[in-house]
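Take a look at the structure below.
Please treat every number below as a calculation from the coordinates, not as lab data. Just so we're clear, the structure is a prediction, and the values are computed from it rather than from any experiment. Cβ: placed from backbone, ideal geometry, glycine included. Neighbour counts: every protein chain shown.
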């Protein structure tokens, strides 16, 4: 599958109608990817067990430097 990016001015009615016609033909579709927020990424990582718990500050600093 190839990726095509279309840019047009929001007030350009001709461009909007052309895109609607392309979508109506069934040959093209719109795929929207939702971008995960940093909080959601952190929560997902924590649920997978991908985090480190330090006993104290010294251990945390040594882990960061290693």
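By the helix-only formula, in which each DSSP H run with n ≥ 4 contributes -39500 (n - 2.57) and the sum is divided by residues, the chain has a 222 nm mean residue ellipticity of -14500 deg cm²/dmol. Counting neighbouring Cβ atoms within 10 Å and putting the fewest first, the residues 29, 62, 42 line up as 29, 62, 42. Once the Cα atoms are used to define both axes, helix 13-25 deviates from the longest principal axis of the chain by about 80 degrees. Taking 0.36 nm per residue of separation and subtracting the current Cα-Cα distance, fully stretching the chain between residue 46 and residue 58 would add 2.1 nm. A convex hull fitted to the Cα coordinates of the chain yields 199 cubic angstrom per residue.
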